[in-house]
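Encoded as structure tokens, the structure appears first; notes follow it.
The values are calculated or read from the model by the stated rules, or taken from the named source; none is laboratory data. Predicted model only: the values in this text are computed from it and were never measured. Positions of Cβ are generated from backbone atoms using ideal geometry, with glycine treated the same way; all protein chains shown enter the neighbour counts.
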Amino acid sequence: MIRISVKNLTKIYNKPRCKFLRGLFSSKPSAAALSDVSFEIKSGECVGIIGVNGSGKSTLLKLLCGVTAQSSGTIFTDGKISSLLELGCGFNSEYNGISNIYLNETVMGYTRAQIKAMLPEIIAFADIGDYIKKPVKTYSDGMFLRLAFACAVAARPDILIIDEALAVGDFAFRQKCFSKINEMKNSGTTVLMVSHDIDTIRRFCERTLWLDGGVLKMDGSTAEVSAAYMEYVTGSVDNILHKSVSEAGGFDCINRFGAAVGTIISAEIPKTQRHGQTVKIIIDIDIPHDARLDTLAVSAAIKNGFGLDLQVLSTADNGIRFTSHGRHRVTISYPCLLCGGEYSLCLSLEDRSTAPIKYYDYIEGAAVFEVVSETPMLGLFSGGADFEVE
């Protein structure tokens, strides 16, 4: 079932310009905030939207919510939409929290009697104490978020749209929100989530849209899209001869980039690992002749199926410094504490002199391996704890 259908969507904001000679105002079209964007989202999908600032993410969400109108193209939505856009959006700053709950849920189509029945649930979820009876203009950003999210999810929408709002919440409340989002996903709610935190997108979204300059640059699995986006955002080390992937070869990977692709020559890791055993990763590298040795690092990251880093093993974090260029072999030994399942390996040869890190060679999905365990385990990691019962 299609919940959202967008076809050839374009949004152009007109920038006013004064013609001084005539004393008249005219409009000069600025660059399109969105240009010819098309996609469909099915019921129950959780879709992330990523892109640098100014790429059109918030404009797209505002169009889907009906806050603004498109310049051309069509938008079809099926079902009730609830959204968290800019903090405080939809609130009257002079009203107290309870009055704003009635205001928000009335807009969502609920009767006063229905809202009264929902009130205890919303107040409990927001958990802002006596501030619920005070004007929202006295609220902190965190309080705004608590009340806005509580109102949004209490409406039991068919489509939930979130625009970076969760970034202002404290850790405990964010975990509470994420748990609720998972619950709504499992019950069939369609979720659209904008975030600059790629780990959050990887954690919740099976599919991701990447907007760049108002254009839909990529639409696909979160693992593939986030890997390509990471290449775009982090870039690569300057002044190093770039080699093509075909020249480098050797890896059947999701994505590979960097200023010296091919400087990671090979890697070995057991295809099957047993929980509790010591595992060795053997990496052969060829450090470029003009690479900075004092800030150079070799890293191996273990990721889950969504591309979320579970464990990062790096020479930089262990005080290891390289003293020469050319060929080296790096052996990483570590205890496998992962629970049973399938995981992937990401390898990188890095320059850590800047933030974000720059890459000579970055290989997303360099290998896939399985962890087996003799006994069923819950969670991602298990081990390392001592128990005492008295």
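The set of residues in the range 32-44 that are surrounded by fewer than 19 Cβ atoms within 10 Å (Cβ to Cβ) and either under 15 Å from the mean Cα position of the chain (by Cα) or of a type in the set (A, V, I, L, M, F, W, C) (or both) contains only PHE39.
Taking the conditions (1) at pLDDT 95 or above; (2) more than 30 Å from HIS196 (Cβ to Cβ) in turn, SER373 satisfies each one other than (1). Does the range 145-178 hold any residues that are closer than 21 Å to MET118 by Cα, aromatic (Phe, Trp, Tyr) and surrounded by fewer than 22 Cβ atoms within 10 Å (Cβ to Cβ), and which are they? Scanning the range 145-178 gives PHE173, PHE178. Of the strands (runs of 3 or more DSSP E) that lie entirely inside the range 27-141, those containing 1 or more residues that are polar (S, T, N, Q) and either touching a helix residue (DSSP H, G or I) at 6+ places or on another chain (Cβ under 9 Å) or in the same structural domain as LYS180 (by TED's automatic domain parsing) (or both) span 72-77, 81-84.
Checking the condition modelled with pLDDT under 85 and in contact with a strand residue (DSSP E or B) (Cβ under 7 Å, 6 or more places away or on another chain), which residue from GLY258, GLY235, GLY249, GLY169 passes? Being modelled with pLDDT under 85 and in contact with a strand residue (DSSP E or B) (Cβ under 7 Å, 6 or more places away or on another chain) holds for just one of GLY258, GLY235, GLY249, GLY169, which is GLY235.
Looking only at the range 88-102, filter to residues that are surrounded by fewer than 19 Cβ atoms within 10 Å (Cβ to Cβ) and under 31 Å from the mean Cα position of the chain (by Cα); which one of those is modelled with the lowest pLDDT?
Selected residue: GLY88.
Restricting attention to the range 352-368, does a residue exist that is small (Gly, Ala, Ser), modelled with pLDDT under 90, in the same structural domain as ALA267 (by TED's automatic domain parsing) and not in a loop (DSSP other than H, G, I, E, B)? Taking every residue of the range 352-368 in turn, at least one turns out to be small (Gly, Ala, Ser), modelled with pLDDT under 90, in the same structural domain as ALA267 (by TED's automatic domain parsing) and not in a loop (DSSP other than H, G, I, E, B). In the range 261-274, the residues that are at positive phi reach residues that are not basic (Lys, Arg) with C-beta atoms within less than 7 angstrom, at least six apart or across chains, in these pairs: GLY262/GLU247; GLY262/ALA248; GLY262/ASP361. With respect to (1) within 22 Å of the chain's Cα centre (by Cα); (2) closer than 13 Å to PHE91 by Cβ; (3) surrounded by fewer than 19 Cβ atoms within 10 Å (Cβ to Cβ), the lone exception for LYS137 is condition (1).
Filter the range 187-201 down to residues that are surrounded by fewer than 18 Cβ atoms within 10 Å (Cβ to Cβ) and within 13 Å of ARG156 (Cα to Cα), then give me how many there are.
The qualifying residues number 2.
Considering each residue of the range 168-187 in turn, none proves to be at positive phi and in the same structural domain as LEU63 (by TED's automatic domain parsing).
So which of LYS271, LYS303 ends up being under 23 Å from the mean Cα position of the chain (by Cα) and either under 30 Å from THR208 (Cα atoms) or at pLDDT below 95 (or both)? Of LYS271, LYS303, the one residue that is under 23 Å from the mean Cα position of the chain (by Cα) and either under 30 Å from THR208 (Cα atoms) or at pLDDT below 95 (or both) is LYS303.
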